[in-house]
Every structure is written in C-alpha cells, then in structure tokens.
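Comments concern the structure below.
The values are calculated or read from the model by the stated rules, or taken from the named source; none is laboratory data. Keep in mind it's a predicted model, so treat the numbers as computed, not measured. Glycine also receives a Cβ, built like all others from the backbone with ideal geometry; neighbour counts cover every protein chain displayed. In case anyone asks, the SASA skips ligands and DNA or RNA and just uses the protein heavy atoms, side chains included. Shrake-Rupley method; radii C 1.70, N 1.55, O 1.52, S 1.80 Å.
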Amino acid sequence: KNIFPITHLREVYDKMDGIKGRLVREGSKVRFQPDITGPLTIFRWPDTDDLEWGSYFVAGDPTHSTVGDYACAQVLSRRTWEQVAVWRGKTDPNTFGEELAKLGTYYNKAMLTSEIEGPGYATIAKLLHLEYPFIWKHRLADKTPGTFDERWGWSSTFKTKNEAVGNLLKVLVDHDISIHDAKTFSEMKNYVQLPSGSFGNSNQEEHDDTVMALAICVTCILYEAPTLMAYGVGKQRKEQEEREEQEPVWTDWN
C-alpha cells in the first residue's frame with residue numbers, strides 16, 4: 001500500500017537538476033566547490049536575508065559504514081517548505097556529522113538534527129564535539145507541549161516513525177512542500193506500508209534514506225517556532241544577535 005498518493009506527489013514535484021558539489025571548510029567559513037561527483041546537490045543558494053527568507057532546517061539520516069546504505073541530509077526552507085539541497089553519499093557516521101555541521105553553517109547556521117539510533121549516536125556526538133550551536137532537541141508528541149526530552153537529535157521508534165511519515169504525508173497532500181530531487185521523488189513514489197505494519201520500499205533495490213531524512217526534517221520544523229512573519233521581528237533579531245556572539249564553529253577543529 002503506497003503511503004504517498006502519486007497524484008499529489010507529482011503535483012508538488014518540480015524537477016530540477018541542481019548543481020553538484022561538496023562543501024569545503026576554510027577556517028570558520030564554508031564554501032561550495034562545484035564537483036560533478038560530489039554528494040551535495042544544491043537547488044537554491046542560501047538567502048542572504050537570514051532574518052526573513054534565509055531560515056533553514058537540516059535533517060540527517062546516517063548509515064553504519066562507507067558501504068551499503070546511503071547517508072542522507074535534507075535541507076528545507078523553514079519559510080517556504082521548499083527542498084533547497086540534498087546531501088547523499090556513503091560515509092561513516094562521524095564524517096557525516098562533520099558534513100552536517102558544514103551544511104548547517106553554509107545555510108546560515110541552520111537548526112539541524114540527526115537520527116540518533118544506531119550510527120546516529122556517533123553523528124550527534126560529533127556535532128556536540130564540534131560545538132555546533134543549533135542542534136535540535138527531541139520533543140515527544142504524547143508529552144506536555146513545550147517539554148524538551150533529555151536527548152539531542154531525533155529518536156526513531158515505531159511511534160515516532162509513524163509520526164514523521166504522517167507529517168510528511170500531511171504537507172504533501174496539502175501541497176505545502178516543494179520537492180526538486182529526482183531520487184527523493186523516486187523513493188517516495190515507491191514507499192509503502194509492508195504487511196508487517198512497518199514502512200519500506202516496494203522495490204527492495206531502492207533505499208529510503210531520502211524519505212526518512214525529509215520526514216524528520218518536516219516534523220522538526222513543525223515543532224520549531226514559526227519564522228519572522230508569523231513570530232515577530234524582535235525574536236528573530238534576538239536570535240541573530242545570539243548567533244553573532246557564538247564562537248566560530250570550526251575554531252578548534254583540526
């Protein structure tokens with residue numbers, strides 16, 4: 001049974017080739033280096049107006065090793081719900097944490113998260129070691145609203161996976177999201193509910209890393225405060241001032 005209705009999926013899918021490359025650290029700065037073999041595809045450059053349109057969220061789905069499944073990160077605009085970039089490659093969980101930190105920094109010090117089960121534990125540990133300033137803290141749907149969990153990152157359980165997939169389905173059928181990546185479209189098209197009640201791809205050769213990273217990203221944005229127009233200029237400007245007071249993320253990273 002397909003989870004995402006193909007009619008709605010096609011309506012929100014605006015295919016773009018994007019620009020392939022990788023992010024390179026230069027001191028405390030990060031720059032994009034074009035590379036046709038790179039793991040990063042950019043569809044929209046970071047908006048320079050980070051108080052208004054340039055607010056982003058990065059969510060990662062790590063993998064255990066450099067072979068087998070892919071690690072994936074999805075980047076969404078918190079204002080427009082547009083898919084602006086996708087990182088997808090085979091790498092170890094610690095290196096993936098470094099890539100997430102670079103990606104978050106490049107997109108205006110975006111809030112970011114990673115799944116923490118299995119290899120994700122090492123990914124979150126790397127982000128904390130790097131002292132990345134904006135790591136999402138888990139909140140549970142069945143707890144008092146506004147109550148933070150003790151854990152950093154996204155914890156995938158049977159319940160929270162259902163929540164994340166349900167949220168992605170909701171923004172899809174409401175046409176609130178815009179998808180550009182062909183691999184994301186393909187995996188969502190083949191994403192089904194299995195006889196066991198769990199989720200996965202109907203084609204066993206397919207992966208679901210882009211789907212889970214996107215579902216986590218959507219859910220975490222829903223938990224976060226609205227952006228400027230809905231939440232007020234004062235709060236956003238205060239957050240910006242706090243960002244500027246932060247020490248450079250990469251100062252002690254060799």
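Can you give the net charge of the other residues whose Cβ lies under 13 Å from the Cβ of residue 166, counting K and R as +1 and D and E as -1? Walk me through the numbers before you get to the answer.
Working: positive: 159, 161, 170; negative: 163, 174.
With Lys, Arg at +1 and Asp, Glu at -1, the net is +1.
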Within the accessible area of region 1-93 (1.4 Å probe), percent carbon and sulfur: 48 percent
Quick check on packing: order 101-114, 154-167, 76-89 by the mean number of other C-beta atoms within 10 Å, highest mean leading. 101-114, 76-89, 154-167
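Could you order peptides 11-24, 178-191 by the average number of other Cβ atoms within 10 Å of their residues, highest first? Walk me through the numbers on the way to the answer.
Numbers: 11-24: 15.5, 178-191: 20.6.
The packing order, highest mean first, is 178-191, 11-24.
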What FRET efficiency would be calculated for the residue pair residue 48, residue 80, taking the C-beta separation as r and a Förster radius of 22 Å, to the nearest 0.05? 0.90
With charges set only on the Cβ (+1 for Lys and Arg, -1 for Asp and Glu), what does the dipole of region 10-65 come to about its Cα centre, in debye to the nearest 20? 320 debye
Order of 30-36, 43-49, 126-132 by packing, highest average Cβ count within 10 Å first? 126-132, 43-49, 30-36
Which entries in the list 109/137; 29/109; 90/183; 20/109; 90/189; 102/126 go over 18 Å, if you measure between the two C-alpha atoms of each? 20/109; 90/189
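Give the relative contact order (percent, whole number) for region 32-138; include only Cα pairs under 8 Å separated by 6+ residues. Spell out each step's value before the answer.
Details: 202 pairs, mean separation 28.9, N = 107.
Relative contact order, region 32-138: 27 percent.
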Would you mind computing, in nm to one decimal, how far apart the modelled labels at residue 7 and residue 157 are, each placed 7 Å from Cα along Cα→Cβ? 3.7 nm
